[in-house]
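The values are calculated or read from the model by the stated rules, or taken from the named source; none is laboratory data. None of the values given here were measured: they were computed from a predicted structure. Note that we place each Cβ from the backbone using ideal geometry, even for glycine, and neighbour counts take in every protein chain shown.
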């Protein structure tokens, strides 16, 4: 150790004398003096030696980049996977629903724009899975009661919406039952006073089961409750209402015609059915009908994907910034700790560019290794999450290959300031600081 300190002091003196001599004679401008050269292999060896001099610190620094790039790759993959899943859900519901109703005119919608056999006409079209009619029923000032006895301590009569439905509309709305059954064609043909309750209406009326044959009164007429709906995939307004057969609404409330036709189509058939529906329902005057069809699925998919990409890119960018700051800090600390080494190398002939190259290569190498490990980790995260959720993993093919390049670029930028600081160190001052 004493010998090394003596050698460093001697070299510091030599470097100082050489520096003074260069300033006096301008030896640096002499074309006969060749600049020192450092081969790429030597540069790589120096960079590796610097990295593995403190392996623990290097691992922790690379770990920051790994986490950042893994988060970036994972978030991009999860955004595409989630977007694909969302669009799949959209295709299952919104992209297969068509609602046909009377077009509003100067005096309001045409009263008899839809025929009573609208559901049967639509079901004959190729691509229609289910169809049915749904109409709101005007019950006037009538209340809905659960008991003929008026209880002053509690509410026994309610103002509640009533809908008339054909049997096919329940399939088109993707209805699931909590208990009981749905009305069929027989109930509608006979005009039976039966009803099905939405879950919200059942809670308000205090009816939880149909085993005891509960009944309600709509105005002065008694209706037997035959079923309670659990949920619907479409037409959520029926969840808080009472649904009666369409034929019953004709006889009891004077329903003139269906208000709307709810249609479920095969995936991809909605556009064609939207064009055929007016001609099938009103061949004499298709212009009186209004078709509510879903937007183009591809456009919705692009919008959803774009929004998710922006969100997850921001999250991944923040994680990546943390890794870049970690590389910059560690490289700067390494420059400070290796000041004596820098001075020694400058004294024996290394140029400023050689010093800068070494530290830039060290920081770029840490970023590159972090990019490889981060891309692998992020891909595994996407696959693991998709397997747990039974999704189909969707990965951007460019992301795993671009991650190492991005990591190296971030490492290069992060190490730029420490490398320039190391290159500016004068040999004499560096050797004195390192002693």
Of the listed residues (383, 348, 342), the one being free of Cβ contacts under 8 Å to residues at least 40 places away in the same chain and in the same structural domain as residue 64 (by TED's automatic domain parsing) is 383
Scan 207, 244 and give me the residue that is surrounded by 21 or more Cβ atoms within 10 Å (Cβ to Cβ), in contact with a strand residue (DSSP E or B) (Cβ under 9 Å, 6 or more places away or on another chain) and either over 27 Å from residue 292 (Cβ atoms) or at pLDDT 95 or above (or both). 244
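Each row is one residue, and each column tells you yes or no for (1) within 14 Å of the chain's Cα centre (by Cα); (2) in a loop (DSSP other than H, G, I, E, B); (3) modelled with pLDDT of 70 or more.
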residue: 76; (1), (2), (3): yes, no, yes
residue: 86; (1), (2), (3): yes, no, no
residue: 89; (1), (2), (3): yes, no, no
residue: 100; (1), (2), (3): no, no, yes
